[in-house]
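The values are calculated or read from the model by the stated rules, or taken from the named source; none is laboratory data. What you are looking at is a predicted structure, and each value in this text was computed from that prediction instead of being measured. Glycine also receives a Cβ, built like all others from the backbone with ideal geometry; neighbour counts cover every protein chain displayed. Side chains are part of the model used for accessible areas, which takes the heavy atoms of the whole protein and leaves out ligands, DNA and RNA. Shrake-Rupley method; radii C 1.70, N 1.55, O 1.52, S 1.80 Å.
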Amino acid sequence: MGGWTEGYVGGIDYIRAVYRDWSPALLCFALTLRGWRPPEVLRRGSFTMAEPGCGHGLTSALLAGAHPAARFEAMDFNPSHIAGVRRLADDAGLANATFLEESFADHARREGPMLDAVALHGVWSWVSAENRAILLDTLRRRLAPGGVVFVSYNALPGTLAYMPLRRLLVERCAEGGGPLPDRIARAVEFASRMAAQGGGWFGATDGVVERIEQLRHKSPNYIAHEYLNSDWTAFYHADVAREMAAAKLEFAGAAVPMEQLHDLTLSPAQQALAAEASDPAQGETLRDVMTNRSFRRDLFVKGGERLGPAERRALLGETRFALLTAADDLPEVASTPVGRLPFPPALYQPLGEALAEGPQSLDALLGRPALAAQGEDAVLRALVLLTSLSLAAPVMPEEGFAERKASAERFNAVVLERHRFGDTPGQLASPLLGAGVPVSRIEALFLLAARLGEDPPAFAWHHLSADGITIGRDGERCEGDEASRAELARRHAAFTQRRLPLLKGLGVA
Ligand SMILES: C[S@@+](CC[C@H](N)C(=O)[O-])C[C@H]1O[C@@H](n2cnc3c(N)ncnc32)[C@H](O)[C@@H]1O
């Protein structure tokens, strides 16, 4: 690769993923929860959003499909990322999204509309200080008053534990020849052999051996983009907040709603210690020290307006939520990034049953005696947890639904077609959520077959077998066409009974 990568890893594309973290309804919920007035344009779906360093651009493309009244500007200097997403945008007729093959510096020279929201995912820790300065300058000039920025980064002190791993991978990947994916595989294998010896840093640092083990199951594309850039900087939150302040941006809160619930991770004494900091950025950094945070997803606002308690309550009360799983699949104990959390049936059962009837506002939920008996704080907290764990999601206002549905259907038709050949963005655009809904390739092939009037199991098997994919049942491989089709027929029956009603409710089937 030539010099255009500016130290960023070249010759290997990023993973093809869609992220939900900056979908508009979720941004609005996270802001409201922390007492900020969400931008009206985001609530209504008529915003302008940018994603610098968009990778394959699938999140911006999906959001453009789900929000026809919004405009999207996404860019990345990797031409193969942009070529792929332009093809998707052309096929789906996305007239509201522009995908630019530009560096941050090229882009900064361009004039453009004021932005209501900017997503910087997987960028801040992985680019140079010069490039961060360019991005900050773009935010300073182009973010509209009231606008919101989503930014993720490797955080201190938690990332300190992984610095030797990054060093090890960089050094080992530089050894020997061959294609980068092979060198990455050898480097991970080497780290794993060292870890097996125990002792030293491996023995002294919690989580390191597990992380190396996890790397064995990650794609080389992920590992390259996470660990192999020349620039790899972890930040204390307070330092990010200081940099953002230069662009008139103020920390608004954690983008993942449950990360705003400090009592999940800190004892009362620890919370009191954090509260001793007069500067909120220091307080946040103290919490990171006490929880040893290694990754952050933050929201910053420019000229954000504070809500009074009554208005915050009113906005939360009218926020509607939809379930992303069957009600009887809600767990009684959920494994979360902060440990195992109980989901008491007295609260979650009536909540699940209510949401299974369709989207409900917090106020409507509290109108039900079984939930009113649990109290407002408990119900709101449950919604925060369900939302953060992708078991539920806030939904867009009813206004504009018909337009969103027509646009999402066009987008989804193209996405489903791509699953024939395994070119799988893996998510469909929901006009209800204004965000993505994950579907497996088999589910997508079932949905595509139904649209085309084909027999779903036979259609799915035709495409899967063409790619050399085999089907398993109870850990055993199904041998031959007949057994594979029979297994797919069984899965299709289960899909029709349990998943399809949910997907229909979310407007993606
Ligand atoms: C880790 S990926 C994140 C992609 C996307 N935001 C996502 O979350 O899926 C970072 C992306 O930033 C792009 N990038 C890095 N430095 C850049 C620069 N100076 N100008 C434009 N794009 C850049 C890379 O090509 C890569 O696709």
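Modelled this way, with points 7 Å down the Cα-to-C-beta line, the labels at ASP363 and ALA269 are 4.4 nm from one another. In this structure the amide hydrogen of ALA50, modeled in the peptide plane, comes within under 5 Å of the amide hydrogens of GLU73, ALA117, VAL118, ALA119, none closer than 5 places in sequence on its chain.
Beyond 18 Å, what share of the Cα-Cα pairs of the stretch 153-230 is found? Please give it as a whole percent.
Values: 1090 of 3003 pairs.
The share of Cα pairs beyond 18 Å in the stretch 153-230 comes to 36 percent.
Applied to the stretch 299-310, the Karplus parametrisation 6.51 cos²θ - 1.76 cosθ + 1.60 on θ = phi - 60° returns per-residue 3J(HN,Hα) values of 10, 10, 10, 10, x, x, 9, 6, 9, x, x, 5 Hz, with x for Gly and Pro. For the stretch 276-385, the dipole from Cβ point charges (+1 on Lys and Arg, -1 on Asp and Glu) about the Cα centre works out to 260 debye, to the nearest 20.
Could you tell me which of rounded, prolate or oblate describes the chain, using a ≥ b ≥ c as the square roots of the eigenvalues of the alpha-carbon gyration tensor, with rounded for a/c under 1.5 and, failing that, prolate when a/b is larger than b/c and oblate otherwise? Since a/c stays below 1.5, the shape of the chain is classed as rounded. Applying 1/(1 + (r/R0)^6) with r as the Cβ-Cβ distance of GLU376 and THR496 and R0 = 60 angstrom yields a FRET efficiency of 0.95. Rounded to the nearest whole Hz, the Karplus-based 3J(HN,Hα) values (6.51 cos²θ - 1.76 cosθ + 1.60, θ = phi - 60°) of the stretch 274-280 follow the sequence 4, 5, 5, 6, 7, 8, x, with x at glycine and proline.
Residues whose amide H falls under 5 Å from that of ALA509, counting only those 5 or more places apart or on a different chain, are LYS504, with hydrogens built in the peptide plane. Each Cα pair under 8 Å and six or more residues apart adds its sequence gap; the mean of these over the residue count of the stretch 326-418 is a relative contact order of 19 percent. On full extension, the segment bounded by ARG141 and ASP474 gains 114.2 nm, given 0.36 nm per residue less the C-alpha separation. Positive-end ranking of GLY55, ALA493, ALA444 along the dipole of the chain, with charges on Cβ about the Cα centre, is headed by GLY55. Our coupling estimate for the stretch 408-425, obtained by passing each phi through the Karplus curve with A = 6.51, B = -1.76, C = 1.60 and θ = phi - 60°, is 5, 5, 4, 4, 5, 4, 5, 4, 4, 3, 5, 5, 4, 10, x, 8, 10, x Hz, Gly and Pro reported as x. So what's the gap between the Cα centers of the stretch 16-47 and the stretch 343-384, to the nearest angstrom? Taking the Cα centre of each part, the stretch 16-47 and the stretch 343-384 sit 22 Å apart.
For ARG109 and ASP13, what does the FRET efficiency come to when R0 = 45 Å and r is the distance between their Cβ atoms, rounded to the nearest 0.05? Once the sixth-power term is evaluated, E becomes 0.95. A simple spin-label model places pseudo-atoms 7 Å from Cα toward Cβ; at ARG44 and ALA458 they are separated by 5.1 nm. When a 1.4 Å probe is rolled over the protein heavy atoms, the share of accessible surface on the stretch 344-476 that falls to carbon and sulfur comes to 52 percent. The slack between GLN282 and ARG87, meaning 0.36 nm per residue of separation minus the straight C-alpha distance, is 65.7 nm.
With all protein chains in place and a 1.4 Å probe, the accessible surface of the stretch 183-276 carries 51 percent carbon and sulfur. Stretching the chain fully between ALA486 and GLU398 yields a gain of 27.6 nm (0.36 nm per residue, less the alpha carbon separation). Each of ASP328 and VAL289 was given a label point 7 Å from its Cα along the Cα-to-Cβ line. The distance between the two points is 5.1 nm. Close amide H partners of ALA435, meaning residues 5 or more places away or on another chain with modelled amide H under 5 Å apart, are SER430. Overall, the chain carries a charge dipole of about 240 debye about its Cα centre when +1 sits on the Cβ of Lys and Arg and -1 on the Cβ of Asp and Glu, all other atoms neutral.
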